[in-house]
Amino acid sequence: MKLLEARNIAHHYDYQLFEDVSLDLEEKQSIAIIGKSGSGKSTLLNIFSTLLRPDKGSLKLFGEDVNEMKPKRLTEIKRKKLGIVFQSHYLFKGFSAYENLEVASLLAGEPIDETLLEKLDIKECMSQKVTELSGGQQQRVSIARVLTKKPCIIFADEPTGNLDKETAHIVMDLFFEYIDEHNAGMILVTHDEELAHRCERVYRLQDKRLLEVA
C-alpha cells in the first residue's frame, strides 16, 4: 500500500505557485524536493501533510482520500501517523526539552527512546528550558519530538538548516535508519542538494511543475 498518493495538485496565492503536481510515496522510501526560494516547496509540503488544502487535486494517505475523511479520522492520522519537522521549531517555550518530548509521547502513546536522545547528542540538555538551548539543540529536540511519535510519514522542511554539516549528515542517517526500521517514508524539502541526493528520489519544483531529477 502506498503511504501517500497526490494527483494533479495545484495551488496559488496572488499568483500560481504550482499545478498538476503528482507524487507517490512508498514504504521505506525517501523523497527530496528542491527548488528556488519562493517556488512553493514548503507550501507543497504543507499540502502533503494536510496542513493546507490545495486549490485542485486529490490526496490520499494510507489509501484513504483526505477530502472524504471525517475530521475525527483526519485528526487521528495527523496525531499518530504523521510527523512534521518545521523550519521553525514550534517547541513549547515554557517547557524543558524533556517535557516537550513527553507531550509527544503522551499524545501518541509511545515511550521516549533514550537511544534516540544519545544519537542526537541531546541527552545532557533534556532538563534545560528550550529557550536556554542553542538553535541547533532546539532543532534536534524538535526532530526527537517528531520521531518519538513513531510516525509512518516524516515531512521535513529544511530539518538541518540550523545544524553544522557533520550533524546534518548524522540526522539524515537517523531519518534513513528510522524509515527502514519502521516501514515508514519521508518527504524532505531542502536547499542542500548534497543532502537531497542522499534520498532515493529527487524532484525539483520549477516553472510551476514538479519534475524528477535524473
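The values are calculated or read from the model by the stated rules, or taken from the named source; none is laboratory data. What you see is a predicted model, and the numbers here were worked out from it, not measured in a lab. No Cβ is skipped: glycine too gets one built from the backbone with ideal geometry, and neighbour counts run over all protein chains shown. SASA here: full protein model, heavy atoms, side chains in, ligands and nucleic acids out. Shrake-Rupley method; radii C 1.70, N 1.55, O 1.52, S 1.80 Å.
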* Asked: Which residues, taken from region 90-101, are on the phi < 0 side of the Ramachandran plot and open to solvent by 80 Å² or more (accessible area, probe 1.4 Å)?
  -> F92, K93, F95
* To do: Please name all residue pairs, on different chains or six or more residues apart, with Cβ atoms under 6 Å, provided the first residue is in region 95-117 and is more than 18 Å from Q128 (Cβ to Cβ) and the second residue is among the basic types (K, R).
  => L107/R79; A108/K80; A108/K149; E110/K150
* Scan region 147-160 and report the pairs whose first residue is hydrophobic (A, V, I, L, M, F, W, C) and whose second residue is open to solvent by 20 Å² or more (accessible area, probe 1.4 Å) and part of a loop (DSSP other than H, G, I, E, B), with Cβ atoms within less than 6 Å and a gap of 6+ or a chain change. => C152/K81
* In region 19-72, which residues are open to solvent by 30 Å² or more (accessible area, probe 1.4 Å), assigned to a strand (DSSP E or B) and within 20 Å of V213 (Cα to Cα)? -> E19, D20, S22, D24
* Of the criteria (1) at pLDDT 95 or above; (2) among the polar types (S, T, N, Q); (3) surrounded by fewer than 18 Cβ atoms within 10 Å (Cβ to Cβ); (4) under 22 Å from E177 (Cα atoms), which one Q87 fails -> (1)
* Has region 87-94 got at least one residue that is within 25 Å of S30 (Cβ to Cβ), assigned to a helix (DSSP H, G or I) and not hydrophobic (A, V, I, L, M, F, W, C)? -> no
* For M1, all conditions in the list (1) surrounded by 13 or more Cβ atoms within 10 Å (Cβ to Cβ); (2) of a type in the set (A, V, I, L, M, F, W, C); (3) touching a residue at least 12 places away in the same chain (Cβ under 8 Å) hold save one; what is the number of the exception? -> (1)
* To do: Mind telling me which of the residues L188, L211, L195 ends up being in a strand (DSSP E or B) and surrounded by 14 or more Cβ atoms within 10 Å (Cβ to Cβ)?
  => L188
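Rundown of residues vs (1) at pLDDT 95 or above; (2) open to solvent by 60 Å² or more (accessible area, probe 1.4 Å); (3) not acidic (D, E), yes/no style:
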| position | (1), (2), (3) |
| --- | --- |
| V103 | no, no, yes |
| L106 | no, yes, yes |
| L116 | no, no, yes |
| D121 | no, yes, no |
| V130 | no, no, yes |
